Amino acid sequence: MPFFRRRKPWEQPGLQETPEPRVNEWAALSRRGWMALAAGGIAAAGGAAVWWRFGPEEAAAEEKSNKTAPRSAFFPAKRNEEFELDRPLTDEAAAARYNNFYEFSTGKRVTPYVKEWDPSDWKIEVAGLVERPATFTMDELGRRFPYEERLYRHRCVETWAMAVPWTGFPLRKLIEHVKPLASAKFVKFVSLDHTKVKGARRTSKSEPFPYTEGLSIAEAANELTLLATGIFGHALPKQHGTPVRLVVPWKYGFKGAKSLVRIEFVERRPATFWTTLGPEEYDFVANVNPKVPHPRWSQATEWDVGTRERRPTLPFNGYGELVAKLYG
Ligand SMILES: Nc1nc2c(c(=O)[nH]1)N[C@H]1C(S)=C(S)[C@@H](COP(=O)(O)O)O[C@H]1N2
Ligand SMILES: [Mo]
């Protein structure tokens, strides 16, 4: 055994439990992010800003530049009142500034790195073991599958949590449209290829990009599983995974692959990003479970990225009634 080794990108402090959120947020910044933020904070707010945090002007400019332009006719969508929360919504700006998007940064402040990314002219391909493969532009997707809004809880495996209104549609509707063959047992989700995207992180070959996730067909067709195209009544900002991402609210957040370019119906369980990197930390099923600790921290409680309040973690993130049957 070497007596020290270099930290791999996924072993950075940002992935560990967060006993004191603000300290962690600071520690989680990659060196590159840390320097950019320090410069931004000082430029925006003069000497008054705490040097390592964003000033309000910088934050406002950032938010504006990272919204997906233009707001289309699909937003805001009508809220589906069936999905109620047991907690207040997380502050929109807080949720938009505490993200995981490893193609761009290993820190939580993703927004500075998505500025130069131009995701217009997006297409999403649906392929594999289906009767009717299809490719959709975002316009075609919105016209084919009417959007609705749902209030969902979100729980990251790192213990941070939020509660947000997503806009999108049940993945089940897309499944019905493409008609999977009987041999299709799993659905694979593939995120963008960031390697030629301006501003993206220079990732190493040992990181299994493109980011990939997977669900069993039954999980994919569950009423809760969404393809999300918006949040807080507008199109997804880049850092949240513009223009279309997966949302699986009873599972840890890493299952919700962002910026999808391909959905593929397959026979075998697909290899996925985090499960490939650390199967004992990030298992394929990844249902939220307060009783199963991460190897390095407890999952018994979680904290909201807006209020920083801690609360107990709920089994299946509170969605047991709708999904426990999948695992019985
Ligand atoms: N392509 C891609 N998708 C991703 C990730 C990522 O790094 N890359 N991070 C995941 C993790 S760990 C979480 S918790 C959620 C975070 O979503 P949010 O930043 O919109 O809150 O996105 C998930 N989807
Ligand atoms: Mo996560």
Please give the residues of the range 176-216, grouped as numeric ranges, whose backbone N is less than 19 Å from a label point set 7 Å along the Cα-to-Cβ vector of residue 271. 186-195, 203-216
In Hz, Karplus ³J(HN,Hα) per residue of the range 100-105 (6.51, -1.76, 1.60; θ = phi - 60°; x = Gly, Pro): 10, 7, 5, 5, 10, 7
Once Lys and Arg get +1 and Asp and Glu get -1 on their Cβ, which of 242, 261, 194 lies farthest toward the positive end of the dipole of the range 145-262? 194
Please list, in order, the residues from the range 238-260 whose amide nitrogen is less than 19 Å from a point placed 7 Å along the Cα→Cβ vector of residue 291. 250-252
Too long for a 29 Å Cα-Cα cut-off, among 205/291; 185/325; 196/255, are 205/291
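How much net charge surrounds residue 188 when only other residues with a Cβ under 10 Å from its Cβ are counted (Lys, Arg +1; Asp, Glu -1)? Write out the running numbers ahead of the final one.
Values: positive: 262, 268, 269; negative: 213, 264.
Cβ neighbours under 10 Å give a net charge of +1.
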Once label points are set 7 Å from the Cα along Cα→Cβ at both residue 73 and residue 135, what is their separation, rounded to one decimal in nm? 2.4 nm
Rounded, prolate or oblate: which fits the range 172-328, taking a ≥ b ≥ c as square roots of the Cα gyration tensor eigenvalues, rounded meaning a/c under 1.5, else prolate when a/b beats b/c? rounded
Over the range 189-328, what relative contact order in percent results from Cα pairs under 8 Å that are six or more residues apart? 22 percent
Note down the net charge around residue 266, summing +1 for each Lys or Arg and -1 for each Asp or Glu among other residues with Cβ under 9 Å from its Cβ. +2
Among rounded, prolate and oblate, which fits the range 185-240 when a ≥ b ≥ c are the square roots of the eigenvalues of its C-alpha gyration tensor, a/c under 1.5 means rounded, and a/b larger than b/c means prolate? oblate
Considering the Cα positions of the range 227-274, please state its Rg to one decimal place and its Dmax as a whole number of Å. 11.8, 36
Could you go through the range 139-155 in sequence order and give the Karplus-derived ³J(HN,Hα) for each residue, using 6.51 cos²θ - 1.76 cosθ + 1.60 with θ = phi - 60°, rounded to whole Hz, and x for Gly and Pro? 5, 5, 4, x, 6, 6, 10, x, 7, 9, 10, 9, 8, 10, 7, 9, 10
Quote the charge dipole size of the range 190-328 about the Cα centre in Debye, to the nearest 20; the model charges only the Cβ of Lys and Arg (+1) and of Asp and Glu (-1). 540 debye
Expressed as a whole number of Å, what is the distance separating the alpha-carbon centroids of the range 210-257 and the range 154-206? 5 Å
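What percent does the relative contact order of the range 67-206 come to when contacts are Cα pairs within less than 8 Å and at least six residues apart?
Normalised by residue count, the contact order of the range 67-206 is 30 percent.
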Could you give the length gained by full extension between residue 322 and residue 93, i.e. 0.36 nm per residue of separation minus their alpha carbon distance, to one decimal place? 79.5 nm
Placed amide H near residue 306: partners under 5 Å, 5+ positions off or other chain: 91
Karplus-derived HN-Hα couplings along the range 247-258 (A = 6.51, B = -1.76, C = 1.60, θ = phi - 60°), whole Hz, x at Gly and Pro: 10, 10, x, 8, 10, 4, x, 5, 5, x, 4, 8
Counting pairs of alpha carbon atoms under 8 Å apart in space and at least six apart in sequence, what relative contact order in percent does the range 170-271 give? 39 percent
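Computed from the coordinates by the stated procedures, all read-outs in this text should not be read as laboratory data. What you are looking at is a predicted structure, and each value in this text was computed from that prediction instead of being measured. In this analysis, Cβ positions are derived from the backbone assuming ideal geometry, glycine residues included, and neighbour counts consider all displayed protein chains.
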